[in-house]
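Notes to accompany the following structure.
Laboratory data are not the source of any read-out in this text; all were calculated from the coordinates shown. Worth saying up front: this structure is predicted, and the values here are computed from it rather than measured. Cβ: placed from backbone, ideal geometry, glycine included. Neighbour counts: every protein chain shown.
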Amino acid sequence: MRQFIKNLFYATGVAVCLLASSGCVALFIGAAAGVGGYAWMSGVIEKNFLVSAPELQQATVKALDHLDLPVQEREEDRIAAFYRAEFSDGQNVTIHIKALTERAAQIRIRVGVFGNRTRSEMILNAVDERL
């Protein structure tokens, strides 16, 4: 019986490690954050909105225009979009939008190669104000 409990303890530890390393825990934490907050991971700011992807795309274009960030590359359809813009100092901005459902969409913003949190938050706030 003692050996069985010991094996069960080890198996549980291995299962927890596998789940944590596969991203399931991060996915659960991200889902728990919900629509209200945003996540900053590996230089990318990410937020879910309770609006359709086309609405989020329109707000993004208006925000970039308001911030005087000319869109240099633009690809859009009803479920996804990609924008590339550039700050006056040459730092690139890439924005990805994807539909999660008909009434929910996700935006991912990266500024520069390694990410610039301050500028990313500035763009995200400008998008949020236009929704």
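Please sort 37-45, 122-130 by packing, taking for each peptide the average over its residues of neighbouring beta carbons within 10 angstrom, highest first. Display every interim value, and only then the final one.
Numbers: 37-45: 13.8, 122-130: 17.0.
Ranking, from highest mean packing down: 122-130, 37-45.
Per residue and in cubic angstrom, what volume does the convex hull of the Cα atoms of the stretch 50-92 have? Write down the numbers at each step before the final one.
Details: hull volume 2.9 nm³, N = 43.
Normalising the Cα hull of the stretch 50-92 by residue number yields 68 Å³.
Can you give the percent of C-alpha pairs in the stretch 39-123 whose distance is more than 20 Å? Spell out each step's value before the answer.
Details: 977 of 3570 pairs.
Across the stretch 39-123, Cα pairs with separations above 20 Å total 27 percent.
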